[in-house]
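Since the structure comes first, as C-alpha cells, the remarks are kept for the end.
The values are calculated or read from the model by the stated rules, or taken from the named source; none is laboratory data. This one's a predicted model, so the numbers in the text were calculated from it and none came from an experiment. When we count neighbours, we look across all protein chains shown, and the Cβ atoms used for this are built from the backbone with ideal geometry, even at glycine. Heads up: the accessible areas ignore ligands, DNA and RNA and are worked out on the full protein's heavy atoms, side chains in. Shrake-Rupley method; radii C 1.70, N 1.55, O 1.52, S 1.80 Å.
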Amino acid sequence: MPKSAKLYIFGVIVTGVALFAGSLASWPPPQLLSWFLYLALALAASLVKLRLPGLTGTYSLNFLFLLYGIVRFSLPEVLIVGCAAALVQSVCNTKKRSTLLQVMFNMANLIVSVTVCFTAAHVVLSSGMGQFRPAAIALLAFVYFVINTVLVSGVLSLLEGKGLAEVCQDWYVWSFPYYLVGAAVVGLLPYSGQSVPGASWLLLLPLAYLVHFFVGLLESRPASSEVKTGESLPMAAKLYVFGVSAAGVLMLTWAASQWQTQDPLRFACYLALALGASTLKVRLPGMRGTISPNFVLLLVAVAQLGLAETLFMSALAGMVQCVWRAKRRPTFTRTLFNAACLSLSAAAAYAVCRVVLAGGPSQSLVGLLVVATLVLYTCNTLMVAAVLCLVENKPLGNIWQTCYFWSCPYYLVGSSAAGLMIATSRAAGWQPSLFVLPVMALVYVSYRTHVSQTESAVWGS
C-alpha cells in the first residue's frame, strides 16, 4: 500500500475517532425502546446489499436508516448504529474477507459523513425547510452522498493511481439514482405526528422511472443514423424556422410591454440560476440537440412568477444553452430559434396551467407539475423534432421517439425537483427552496455519465 494511502486512511480514522468520542461526551439519555428497534432494523438492512449495474462493489440499504436517524435521534445514537451497521456490512456476506484496517476506515468514513450531515440537518431544519421535510431530506442525502463517496474515492484514487474525478465517475455516480429514491422514501415518512400529503408520494414515480431508465441503458439499443452537420436548410425548414422565430419575437415583444415583477430579487435569483443551469448540457446520442436542467427553473417560474418574467427567463436560457460551448458555431438563426422554442413552450405551459385550468388542477401541486411538465416537454421536443424532420427528411415520429427515450427520464426527475422547490417555497419561502438544487446538479452529473458511457459502449463513439 502506498504511503500516501496509509496516511490518508489513518487521517480519516483519527478524525472519525475524535468525532465519535466528542459526541459521546454529550450523549443525552436515549429512548431505549425506539432506539433498539432502530438499531435492529439498521443492522438487518446492512445485510441487504445491492450490486449496481456496471459495478463490482455493493451498496447497503442502511443509509436509509442513517438518514432517518439524523432527523429522529441524537448524534451519538446515530453514530453507534452507524458503526454497528458498517461493521456488519464489512464482515458479513462478503466475497472477500475484510481486514481490520478496512473495517476501521469504513466505520470512520461513516462517522465523518453522518456528523457533517447531522450538523447540516440542524442548519437546514432551522431555516424553515423542516416545514416540508422531503426537501430537507433530499438536501441531507446530497450532503451524505458527497462526503461518503468522496472519502472512499480518495483512498481508491491513491491505491489505484487514478484521478479522484475518474474514480468517482467510474464507481459511484452509478449509485446516485438509488440514493435519490431512498432519500425520497425517507423524506415522505411521517415524523413526530406530522402527516405528509398523500400527493407527495407521487414524487416517487419519476424517481423510480429514473432507476428503470438507468438499468435499461445496459441493454443495447439500435443506433440511429449519423447526424448531418451541414448548415444549409431546405426551403420548408427555413420557412418553419422563420415562423417559429417570428412567433417567439412577437411573444417577447408583448411580454416587454406588459412587464412587471412583484419580487425583483427572486426573479433575479431564478434568472441567474436558470442561466447557470443552461451551461450544464447533455448531448443526446444520435441527435443534434442538447438538454439542460434549466427547465427545472422554468417549471418553478410557471408556478410562481408572472408570464413576462417566465418568457424572458426562457428566452435567455435558450440562448445561453445554444451558444455556451457549442460544438458547431452558433448562428443568429439557430440561437433565435432555440430561444423562441423554449419561450413558446413556457408560454403554452403557463397559459394552460394558470389560465385554462385556473381553479382546477393548477391548485394542486401534483396537478400543476403534471400539466406544466407535459405541456413544456411536448411543445419543446415536438418543435425541435419538427425542424430536424424537415432538415434530415426523416419521419417526425422516429425523430421524436429517439428524443423521447433519452430526455423523458431527465424531465420526469426534474419535475420532482421542481415540485420540491415549489412545495418548500409555499411552506417556508423561496430562499430555502433553493437548497433543493444541489440534488438536481448530481442528477445532471449522473445522467451525463450514464449517457456518455452507454453511447461509448453501444455505438463505439
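Quick notes
- Qualifying residue in segment 443-451 (condition: aromatic (Phe, Trp, Tyr) and under 30 Å from Ala183 (Cα atoms)): yes
- Tally, over segment 328-340, of residues that are touching a residue at least 12 places away in the same chain (Cβ under 8 Å) and either in contact with a Cys (Cβ under 8 Å, 6 or more places away or on another chain) or surrounded by fewer than 24 Cβ atoms within 10 Å (Cβ to Cβ) (or both): 9
- Qualifying residue in segment 29-39 (condition: over 17 Å from Ser113 (Cα atoms), open to solvent by 50 Å² or more (accessible area, probe 1.4 Å), among the aromatic types (Phe, Trp, Tyr) and modelled with pLDDT of 85 or more): yes
- Top-ranked residue of segment 245-258 - restricted to ones that are exposed (fewer than 13 other Cβ atoms within 10 Å of the Cβ) and either over 30 Å from Cys389 (Cα atoms) or aromatic (Phe, Trp, Tyr) (or both), ranked as modelled with the lowest pLDDT: Gln258
- Output for segment 141-170, where each listed residue is under 16 Å from the mean Cα position of the chain (by Cα) and either closer than 15 Å to Val445 by Cβ or without any contact (Cβ under 8 Å) to a residue 60 or more places away in the chain (or both): Ala141, Phe142, Val143, Phe145, Val146, Gln169
- Condition met for Val249 (within 30 Å of Thr402 (Cβ to Cβ), β-branched (Val, Ile, Thr) and either in contact (Cβ under 8 Å) with a residue 60 or more places away in the chain or in contact with a Phe, Trp or Tyr (Cβ under 8 Å, 6 or more places away or on another chain) (or both)): yes
- Subset of segment 379-391 [open to solvent by 20 Å² or more (accessible area, probe 1.4 Å) and farther than 15 Å from Ala340 by Cβ]: Cys389, Leu390, Val391
- Within segment 271-286, if we keep just the residues that are of a type in the set (A, V, I, L, M) and within 14 Å of Ala326 (Cα to Cα), the residue that is modelled with the lowest pLDDT turns out to be Leu284.
- Neighbours by Cβ (under 6 Å, 6+ apart or cross-chain): first from segment 72-90, in a helix (DSSP H, G or I); second of a type in the set (Ser, Thr, Tyr) and open to solvent by 30 Å² or more (accessible area, probe 1.4 Å): Ser90/Ser98
- Check on Arg354, under 17 Å from Ser278 (Cβ atoms), at pLDDT below 90 and of a type outside the set (Val, Ile, Thr): no
- Within the option set Leu316, Leu280, Leu297, Leu311, being farther than 19 Å from Met383 by Cβ, in a helix (DSSP H, G or I) and aliphatic (A, V, I, L, M) holds for one residue only, Leu297.
- Only listed residue being in contact with a Cys (Cβ under 8 Å, 6 or more places away or on another chain) and among the aliphatic types (A, V, I, L, M), chosen from Ile80, Ile70, Ile137: Ile70
- Exactly one residue out of Leu412, Leu396 is surrounded by fewer than 22 Cβ atoms within 10 Å (Cβ to Cβ) and over 24 Å from the mean Cα position of the chain (by Cα), and it is Leu396.
- Identity of the residue in segment 74-97, of a type in the set (Gly, Ala, Ser) and under 14 Å from Phe118 (Cα atoms), that ends up surrounded by the fewest Cβ atoms within 10 Å (Cβ to Cβ): Ser74
- Qualifying residues in segment 1-29 (those that are small (Gly, Ala, Ser) and not in a helix (DSSP H, G or I)) - the one nearest to Leu75 (Cα to Cα): Ser26
- Filter result for Ala428 (surrounded by fewer than 20 Cβ atoms within 10 Å (Cβ to Cβ) and more than 26 Å from Lys238 (Cβ to Cβ)): yes
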